[in-house]
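Read the structure below first, then the notes.
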Amino acid sequence: MTTRWRPLATAAVLLTVAAALVGTGAGTSSAGPERPPACARPNPPQPPPAPKPATLTTVGQAYYCIFDNYFSGPVLDSRSLLVPAFAALTRELQRRGLDRADATLPALTGRKDADWAAFGKVYRRIADALPDDDARAAIAAAAIQAMVDALDDNHARWMGEFKPNLYGLDLSVTVGPGDVDPVATEPAHVNRLMAGSPAEAAGLKLGDEVLAINDVPVFVNGILNTAVLSWLTDGQVGSTVRFTVRRPATGETFAATATAAQFPPQRPAVDSRLVDGGVAHVTLPGFTPQLADEVLAAIARLRAGTALRGVVLDLRGNGGGSPEAVAKLLGALAHGKVTSYWCDVRDRCTPNRTDDSVELLNLPFVALTDRRCASACDSFASAVKDLKLGTLVGTRTAGAVSGPGQAYLLDNGTALGLPKHHEIAANREIVNTIGVAPDHHVPTTAADLSTGRDPALDKAVSLL
């Protein structure tokens with residue numbers, strides 16, 4: 001369980017990973033390793049391959065892939081990657097009771113190729129002495145993950161095998177699969193429940209407060225126990241978890257057991273309805289061009305039969321997606337506007353603009369936001385606020401918008417997701433790690449969800 005933000009938009013890149021290159025083993029030469037083959041962009045029409053164990057070649061590919069493709073690669077110091085990688089390697093040795101007297105980091109100079117050769121020589125000696133392939137794969141995985149973590153970037157990640165949500169619920173303490181909200185407070189509650197999921201079959205409902213999982217408290221002395229959440233993220237089909245639950249609507253506390261299962265995936269869909277006689281309430285689950293078109297079509301349908309006095313776009317729980325969809329929906333609110341900038345490490349910036357081919361709505365606009373509004377959702381919310389295109393109601397967004405990520409294949413069938421640029425908002429401020437504050441702070445509580453209240457929507461309607 002990581003405490004670094006990993007937006008859903010980045011995780012979706014994994015689904016396009018294509019056939020892997022051929023991996024190589026640790027080798028037995030006493031010389032330092034040569035530069036490995038370059039990482040490659042995926043080939044989307046092909047299905048993703050089954051990942052294989054990582055090797056020294058995979059570690060080297062990841063190292064050079066970061067230099068070649070990451071935002072700060074041109075100015076990156078090799079020691080900022082290799083020191084964390086070697087530290088993670090030694091920790092893995094210690095966990096396995098395999099620490100070695102010669103597991104000492106060689107002298108590094110900051111010269112990319114020379115440092116890799118020195119690192120790889122020591123790495124190879126350690127790997128060759130390990131008792132089995134499982135241990136060799138474990139130190140490689142630890143080294144790669146440590147290099148990615150050292151970037152401290154919420155859109156940089158190492159992507160292995162995709163893990164489905166086998167219980168079918170999201171808790172208020174998480175933002176996306178496996179990602180912990182750094183401002184989460186107790187009690188954790190159910191803020192999303194998938195239809196037909198094991199959690200729904202076990203009797204859980206929106207707003208239910210999850211006090212413990214397998215009888216272990218989710219919070220201890222007000223501190224989130226992230227290890228407990230691993231029962232939800234790392235489960236296998238057929239495994240069970242026992243929830244201790246309090247339902248705010250009734251005050252009842254009870255136990256529920258759910259069995260992990262594969263269940264039919266739910267296609268993200270736009271939901272729309274009229275509220276208060278003349279306000280279009282449209283829920284957007286993610287930023288894709290198709291969903292953006294569905295939002296505009298839904299508003300047009302509602303408008304055909306009613307004189308609308310405004311639009312409420314519900315972005316709560318929206319994990320992000322495509323910049324193209326952001327440009328399209330902002331183009332429905334204004335034309336000729338710069339909405340954000342993508343900048344390189346030397347602050348050379350390219351503006352992003354509204355899609356002016358979209359017909360203007362010419363209606364008052366409110367967006368509902370929360371901590372799960374991330375990535376492209378952060379970007380959209382910041383443009384609405386900076387350009388004064390509408391009003392934001394709810395809570396601060398995730399602040400997970402470092403820059404647009406791209407996938408790069410490694411030789412073992414896994415991939416690195418790396419942003420080539422970093423994003424700043426329309427007024428040139430940094431939103432990443434900070435989020436966008438709403439104009440009206442109206443949180444949705446567990447009690448609200450449990451009883452069917454929606455104070456944020458009520459506030460939005462009152463403003464229109």
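The values are calculated or read from the model by the stated rules, or taken from the named source; none is laboratory data. These numbers come from a predicted model, not from an experiment. Glycine gets a Cβ as well: all are built from the backbone with ideal geometry, and neighbour counts include every protein chain shown. All accessible areas refer to the heavy atoms of the entire protein, side chains included, with ligands and DNA or RNA removed. Shrake-Rupley method; radii C 1.70, N 1.55, O 1.52, S 1.80 Å.
Set side by side, the residues Val345, Val366 differ, and just one is over 25 Å from His281 (Cβ atoms), hydrophobic (A, V, I, L, M, F, W, C) and modelled with pLDDT of 95 or more, which is Val345. The requirement of being surrounded by fewer than 24 Cβ atoms within 10 Å (Cβ to Cβ), in contact with a Gly (Cβ under 8 Å, 6 or more places away or on another chain), of a type outside the set (A, V, I, L, M) and over 28 Å from Ala62 (Cα atoms) is fulfilled somewhere in region 395-405, by at least one residue.
Of a type in the set (A, V, I, L, M) and within 22 Å of Arg371 (Cα to Cα): is that true of Val282 in this structure? It is true that Val282 is of a type in the set (A, V, I, L, M) and within 22 Å of Arg371 (Cα to Cα). Listed conditions (1) over 28 Å from Gly278 (Cβ atoms); (2) more than 25 Å from the chain's Cα centre (by Cα); (3) among the basic types (Lys, Arg) are all met by Arg371, apart from (2). Taking region 299-325 as the range and being assigned to a helix (DSSP H, G or I), under 25 Å from Thr350 (Cα atoms) and open to solvent by less than 10 Å² (accessible area, probe 1.4 Å) as the test, only Ala325 passes.
Every listed requirement among (1) open to solvent by 10 Å² or more (accessible area, probe 1.4 Å); (2) part of a helix (DSSP H, G or I); (3) small (Gly, Ala, Ser) is met by Ser357 save one, (2).
Summed over region 419-448, the residues that are open to solvent by 60 Å² or more (accessible area, probe 1.4 Å), closer than 22 Å to Val148 by Cβ and of a type in the set (D, E, K, R) give a count of 1.
Taken together, the residues in region 287-298 that are surrounded by fewer than 24 Cβ atoms within 10 Å (Cβ to Cβ) and small (Gly, Ala, Ser) amount to 2. Where residues in region 258-278 are of a type in the set (D, E, K, R) and without any contact (Cβ under 8 Å) to a residue 60 or more places away in the chain, which of them is surrounded by the fewest Cβ atoms within 10 Å (Cβ to Cβ)? Filtering region 258-278 for residues that are of a type in the set (D, E, K, R) and without any contact (Cβ under 8 Å) to a residue 60 or more places away in the chain, the one surrounded by the fewest Cβ atoms within 10 Å (Cβ to Cβ) comes out as Arg267.
Has region 93-100 got at least one residue that is open to solvent by less than 50 Å² (accessible area, probe 1.4 Å) and without any contact (Cβ under 8 Å) to a residue 60 or more places away in the chain? Yes. The condition of being in contact with a Phe, Trp or Tyr (Cβ under 9 Å, 6 or more places away or on another chain), assigned to a loop (DSSP other than H, G, I, E, B) and either modelled with pLDDT of 50 or more or surrounded by fewer than 16 Cβ atoms within 10 Å (Cβ to Cβ) (or both) holds for Leu105.
The rows are residues; the columns are (1) over 20 Å from Asn154 (Cα atoms); (2) open to solvent by less than 10 Å² (accessible area, probe 1.4 Å); (3) part of a strand (DSSP E or B).
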site: Val384; (1), (2), (3): yes, yes, no
site: Val393; (1), (2), (3): yes, yes, yes
site: Ala407; (1), (2), (3): no, yes, yes
site: Asn412; (1), (2), (3): yes, yes, no
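Right, Ala255: open to solvent by 30 Å² or more (accessible area, probe 1.4 Å) and either within 28 Å of Leu457 (Cβ to Cβ) or in a helix (DSSP H, G or I) (or both) or not? It is false that Ala255 is open to solvent by 30 Å² or more (accessible area, probe 1.4 Å) and either within 28 Å of Leu457 (Cβ to Cβ) or in a helix (DSSP H, G or I) (or both). Can Arg348 be described as at negative phi, among the basic types (Lys, Arg), free of Cβ contacts under 8 Å to residues at least 60 places away in the same chain and open to solvent by 40 Å² or more (accessible area, probe 1.4 Å)? Yes; evaluated as a whole, the condition is true for this residue.
Of the strands (runs of 3 or more DSSP E) contained entirely in region 137-252, those carrying at least 1 residues that are open to solvent by 40 Å² or more (accessible area, probe 1.4 Å) fall at 157-159, 188-193, 209-213, 240-247.
Would you confirm whether or not region 269-287 contains a residue that is among the small types (Gly, Ala, Ser), under 22 Å from Leu360 (Cα atoms) and in contact with a Gly (Cβ under 7 Å, 6 or more places away or on another chain)? Yes: one or more hits. Scanning region 123-164 for residues that are among the aromatic types (Phe, Trp, Tyr) and over 18 Å from the mean Cα position of the chain (by Cα) yields a single hit, Tyr123.
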